[in-house]
Amino acid sequence: MKEISKAKSEAADARREDSLERFNSMPMPKEKDENWRYTDMGKLKLENFAPFESTAVITATELSEDLARHGVILSDINSAMEKYPATLNYFFKGTDIGKDKFVALSAAYFAHGYFLYVPKNIEIKEPIRINLAAEGKNSVLHNLVILEPNSRADVIEEYTNKDIGDEQLNASITEVFANTNSRINFYHVNNWTGNVYNFTNLIGTAERNASISWVSGCFGGNLNRLRIDTNFNGQGSSCSNLGIFLGKGEEHIDFTTNVYHNAENTTNDILVDGILKDESSSVYRGLIKIPKEGQKTNSYLANHILKLGDKTLANSIPSLKIDANDVKASHGATVGQINEEHLFYLMARGLSRAEAERLIVEGFFEPVIQKIPLEELREKIREMVRK
Amino acid sequence: MTDELVIKDLHVSIEGQKILNGVDLVVKKGEVCALMGPNGSGKSTLAYTLMGHPKYIVDKGEVLYKGKNILELAPDERAKLGVFLSFQYPQEIPGVSVSNFLRTALNSVKPGQTSVPDFVKLLREKMKLLKIDDSFSRRYLNEGFSGGEKKRAEILQLAVLQPEMAILDETDSGLDIDSLKIVAEGVNTLLGPNMGVLVITHYQRLLNYITPDKVHIMVKGRIVKSGGKELAHELEARGYDEYKEFEKEEVV
Ligand SMILES: Nc1ncnc2c1ncn2[C@@H]1O[C@H](COP(=O)(O)OP(=O)(O)OP(=O)(O)O)[C@@H](O)[C@H]1O
Ligand SMILES: [Mg+2]
């Protein structure tokens, strides 16, 4: 692993400056805003974090010589913007920064980030690892992943922090562009401790026949928001999205997925499962949008929440906005408590109540975990759940 | 003689309704007792109460085992004392594999006695004994199991955990003739001077394999008659009619 530095870049400065005004003019999101419902932003005072000087450390896989020779690039985002002006064309191609105050924050203040470029026809076999360690008050980043036609890559992002005994803020955006016929498995796991406000945004765009597979896990933090957007811009593109979260203490998790079926014959399958313990709360927001251009789309979304204890609070807001007539789309959400009969059955075999609960909790996630194609990730997520 | 299970004047209700009306029963170590009785007479209620299901409220009485009134113990503490219930209707637990569950359970009732490789061996051996396919150890506990498979899985748990006081609640129902034989023979190999068994059943079939030392008949939440193994044969021939009369007198 090597560190992704914070290089200087005029091109990046110019972009940041463009976004700054936008960021400043946007009000703080409120609970009554559709995209923030059930998430209380009242406690977060952004002025406590200004000027958002990012002290995070990002490390990444070192590319083999072979990959480098074939034109694969894994570098810091600032120098990439300087060296490869074409990357600028991709900046915020997948989302409008005006839609989300924290995306705008990343755009206006990102100090660093990684840039991964996979040229045409290149298949990267070993997963590319990216670790973010937030060591100070702020971590603000902007990452960019571009897959050229017929290429393939797996990316494993892990975000953690060192608890500094004070409020910490992470605002990040990772834009993923999967060009024609390319394929990416993108794993994002965050694991926060202490008083962390996290706003992580993963924005994917799939061109013709491209496929994106998201797998993500959210653990810890005071307010942990993960937003994943998928833009189906090319015919035949597809996406699967597996999400897992676990809330404890007084944590709040905000898990948002938005999909936009802008082309024909596209396929989307989302499964987000969460467990709430203690006095934690969560909201899952899932939007499926199919405009007229999205004929012959298949789009599914499911969300299951298991509440341990009466003091937890779960909200699930799936929504379908469909303007095309020849599509298949559905959503399902369940919120349930632990089954007392299950507990009794396990306890009758000698398991303490705590052990029985632990098995049931692990068992709840197991069907999703089984779908994760990478054993290493399956084990990692099991471990997080066990903690 | 503290290793016998002694039930004394047990009164139990569920959701305000009285189900058991003074049950007295003793199951000795090394002994097989059969408990029979018409549907709804309270047999499963007794089984659940012995295991500590929170829905069953004990209004009166005590259950002594190994010097303790086990009614005061949580279900897991009872299991750790050696009490086991094979459920009439086993629960399906999503996402928890048979082997993971049994390893955890064995570690709870007999801590630190079985290494992982030993456990794997033990599980394999008992699955073979009960003619359960190897693939079942990886399946989720009872999920999608057929009725008969669930019962076999209950006896697999019995075989692995080797309790000292086992209550088998209609383990024979839902089993085809071949399965019944396999399960009964499995139970037989586990029987011995160190295990007491309370077999709840409707049929003589099972008792042909597992010969009871005593047979008790429960009607309306009471033991109305006790006897030797011939009592089960009588029931098979004559049914419960005569006891229903008896019950009227008693209840009024
Ligand atoms: N949750 C409940 N609420 C009210 N009554 C109940 C409840 N559970 C059981 N009962 C009643 O208690 C009585 C005894 O039931 P139990 O299951 O103990 O009978 P059983 O002897 O095991 O019958 P079977 O031979 O059919 O298994 C029945 O009349 C049943 O309807
Ligand atoms: Mg019954």
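The values are calculated or read from the model by the stated rules, or taken from the named source; none is laboratory data. The model shown is predicted, which means the values in this text are computed figures rather than measured ones. Cβ sites come from the backbone with ideal geometry, for glycine too, and all protein chains shown count toward neighbours. With ligands, DNA and RNA removed, areas are computed over all heavy atoms of the protein, side chains included. Shrake-Rupley method; radii C 1.70, N 1.55, O 1.52, S 1.80 Å.
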For A:N89: the one exception among (1) closer than 29 Å to A:S25 by Cα; (2) touching a strand residue (DSSP E or B) at 6+ places or on another chain (Cβ under 9 Å): (2)
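For (1) surrounded by 16 or more Cβ atoms within 10 Å (Cβ to Cβ); (2) hydroxyl-bearing (S, T, Y); (3) within 14 Å of chain A (Cβ to nearest Cβ); (4) more than 16 Å from ligand 2 (Cβ to nearest atom), each residue gets a yes or a no:
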| residue | (1), (2), (3), (4) |
| --- | --- |
| B:N39 | no, no, no, no |
| B:K55 | no, no, yes, no |
| B:L64 | yes, no, no, yes |
| B:G67 | no, no, no, yes |
| B:E77 | yes, no, yes, yes |
| B:I93 | yes, no, yes, yes |
| B:G112 | no, no, yes, yes |
So the check is Cβ under 9 Å with 6+ separation or different chains; which pairs have a first residue in the range B:203-214 that's among the aromatic types (F, W, Y) and a second one that's assigned to a helix (DSSP H, G or I) and open to solvent by 10 Å² or more (accessible area, probe 1.4 Å)? B:Y203/B:E236; B:Y209/B:K181; B:Y209/B:E185; B:Y209/B:N188
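Residue-wise test of (1) more than 10 Å from chain A (Cβ to nearest Cβ); (2) within 16 Å of ligand 1 (Cβ to nearest atom); (3) at positive phi; (4) buried (at least 18 other Cβ atoms within 10 Å of the Cβ).
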residue: B:E4; (1), (2), (3), (4): yes, no, no, no
residue: B:E15; (1), (2), (3), (4): yes, yes, yes, no
residue: B:K18; (1), (2), (3), (4): yes, yes, no, no
residue: B:I70; (1), (2), (3), (4): yes, no, no, yes
residue: B:L73; (1), (2), (3), (4): yes, no, no, no
Of all strands (runs of 3 or more DSSP E) fully inside the range A:55-149, the set with 3 or more residues that are in contact with a Phe, Trp or Tyr (Cβ under 8 Å, 6 or more places away or on another chain) and open to solvent by 10 Å² or more (accessible area, probe 1.4 Å) is A:73-76
Residue in the range A:314-331 that is in contact with an Asp or Glu (Cβ under 9 Å, 6 or more places away or on another chain), within 14 Å of chain B (Cβ to nearest Cβ), part of a loop (DSSP other than H, G, I, E, B) and open to solvent by less than 70 Å² (accessible area, probe 1.4 Å) present: no
Report yes if some residue within the range A:10-28 is closer than 20 Å to A:I164 by Cα, in a loop (DSSP other than H, G, I, E, B) and either of a type in the set (A, V, I, L, M) or modelled with pLDDT under 95 (or both); otherwise report no. no
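With the structure loaded, tell me whether A:A348 is among the hydrophobic types (A, V, I, L, M, F, W, C) and open to solvent by less than 10 Å² (accessible area, probe 1.4 Å) or whether it fails that test. It would help to see each step written out before you state the result.
Working: among the hydrophobic types (A, V, I, L, M, F, W, C): yes; open to solvent by less than 10 Å² (accessible area, probe 1.4 Å): yes.
Taking the combined requirement at face value, the residue satisfies it.
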Out of all the residues in the range A:335-356, is one or more more than 13 Å from chain B (Cβ to nearest Cβ), in a strand (DSSP E or B) and either on the phi > 0 side of the Ramachandran plot or under 23 Å from the mean Cα position of the chain (by Cα) (or both)? yes
For the range B:39-58, name all the residues that are more than 7 Å from ligand 1 (Cβ to nearest atom), more than 12 Å from the chain's Cα centre (by Cα) and either of a type in the set (V, I, T) or within 29 Å of B:D241 (Cα to Cα) (or both). B:Y56, B:I57, B:V58
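So, B:E170, is that one closer than 29 Å to B:R238 by Cβ, open to solvent by 10 Å² or more (accessible area, probe 1.4 Å), among the acidic types (D, E) and modelled with pLDDT of 95 or more or not?
On the way: closer than 29 Å to B:R238 by Cβ: yes; open to solvent by 10 Å² or more (accessible area, probe 1.4 Å): yes; among the acidic types (D, E): yes; modelled with pLDDT of 95 or more: yes.
Yes: the conditions hold for B:E170.
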Would you confirm whether any residue within the range A:160-181 is closer than 22 Å to A:V118 by Cβ, open to solvent by less than 10 Å² (accessible area, probe 1.4 Å) and in a loop (DSSP other than H, G, I, E, B)? no
Need pairs with beta-carbon distance below 6 Å; first residue in contact (Cβ under 8 Å) with a residue 40 or more places away in the chain and within 8 Å of chain A (Cβ to nearest Cβ) and within the range B:96-110, second of a type outside the set (A, V, I, L, M, F, W, C) and open to solvent by less than 10 Å² (accessible area, probe 1.4 Å); sequence gap 6+ or separate chains. B:V96/A:G363; B:A105/A:R349; B:A105/A:G350; B:V109/A:G350
Test: B:S137 is open to solvent by 10 Å² or more (accessible area, probe 1.4 Å), closer than 14 Å to B:L102 by Cα and more than 16 Å from ligand 1 (Cβ to nearest atom): yes
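Regarding B:H11, is this residue open to solvent by less than 40 Å² (accessible area, probe 1.4 Å) and either within 10 Å of ligand 1 (Cβ to nearest atom) or in contact with a helix residue (DSSP H, G or I) (Cβ under 6 Å, 6 or more places away or on another chain) (or both)?
Details: open to solvent by less than 40 Å² (accessible area, probe 1.4 Å): yes; either within 10 Å of ligand 1 (Cβ to nearest atom) or in contact with a helix residue (DSSP H, G or I) (Cβ under 6 Å, 6 or more places away or on another chain) (or both): no.
Considered against the rule, which asks whether it is open to solvent by less than 40 Å² (accessible area, probe 1.4 Å) and either within 10 Å of ligand 1 (Cβ to nearest atom) or in contact with a helix residue (DSSP H, G or I) (Cβ under 6 Å, 6 or more places away or on another chain) (or both), B:H11 comes out as no.
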Select from the range A:182-191 the residues that are surrounded by fewer than 24 Cβ atoms within 10 Å (Cβ to Cβ) and among the aliphatic types (A, V, I, L, M) and list them in ascending order. A:V189
How do the pairs read when you match residues in the range B:155-173 that are more than 12 Å from chain A (Cβ to nearest Cβ) and touching a residue at least 24 places away in the same chain (Cβ under 8 Å) with residues anywhere that are within 12 Å of ligand 2 (Cβ to nearest atom) and open to solvent by 10 Å² or more (accessible area, probe 1.4 Å), using Cβ under 6 Å and keeping only pairs 6 or more apart or on different chains? B:E170/B:Q88
